[in-house]
Every structure is written in structure tokens, then in C-alpha cells.
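Nothing in this text is a laboratory measurement; each read-out follows from the coordinates by a stated rule. No experiment lies behind these values; they were computed from the predicted model shown. We place every Cβ from the backbone using ideal geometry, glycine too, and count neighbours over all the protein chains shown.
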Amino acid sequence: MPLGDDVPAWKALRDALGDLVARAGAVTAAVIDESNNIWCAWPVSPAVLPLAARFAELEVAHRAGPPLRRGGRLSVARPAAPPEDAYLAESFGGIYVLVLWFEGPFDAAFQRARLRRELPRIEALTIGLPPPDGPEASEGAAKLRA
């Protein structure tokens, strides 16, 4: 079963991302994993796909250091002006990255503090997601962290 509004844990995560986007003045947010799977986004829109793909190519695929699942960390702020993507991202939970995209330059220190305050809530909601392909497929998001 795909994750969507009929899954309370996914809906709670989507609502938390929506709250974060509104408070940060961002345009979108997503939780992706190190393989660029999108676990949840706000707003739920196909427009998130190219943003996540560009982010994964620039920041995940070519970053130095160990992979996230082997203790690697990702923390990046890119307050770029249009037409470039402006974003802020923090990894969590071993394989996940919370990314906030903005319309243009932003106060990186201020927004990073906001994001880090929300990260424990986002992490708990993400880890609590059921497996997207049904109970027989895996043990949910927590299984991927192992």
C-alpha cells in the first residue's frame, strides 16, 4: 500500500512538513533517503521530483565521506539566488535527509536553528512510517536504518 492520506503516520509527517514550510517561509520540504526516495513532501506535488533529483545529485551522490548509513552526516545550506535552487538540509536517522527549499536567499543560521528544533519531531514521524509496500515487504522505515 503506498503511503498517503489514508495512513495516519504519513499524514502526520506531511502536516509537520507543512507547518515547517509555513514557519520558515520556504516553498517546499521533503524527507528523502540516501537513495533519493521521497518518503514525504509538502506540498504533495510532482514539482518536488526534480528538486529532489537535483539535490541528490549535487549533495548526496558526490559528497565526500562515508555514506549516511555508515555514520556519515549531511548538513548543507545553499542560500542561492534564482534560477539556482536555494535549500537547507540536515541528515537524520542514519539514511534520511530533511530538505527545505526556498525561493531565493535566506538567513542560513536562523533557518538552520529552526530546522534543528523540528528535526526530532520529523525523525520520530519518519521512523514511525509503515513500509510503503505493505507489512510483508519490510519492517517500515526503521528497517532501512539497520
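Of note:
- Of all residues making up the range 40-52, the number that are loosely packed, with under 14 Cβ neighbours inside 10 Å and either farther than 27 Å from residue 9 by Cα or of a type in the set (Gly, Ala, Ser) (or both): 2
- Test: residue 81 is of a type in the set (A, V, I, L, M, F, W, C), touching a Gly at 6+ places or on another chain (Cβ under 6 Å) and without any contact (Cβ under 8 Å) to a residue 40 or more places away in the chain: yes
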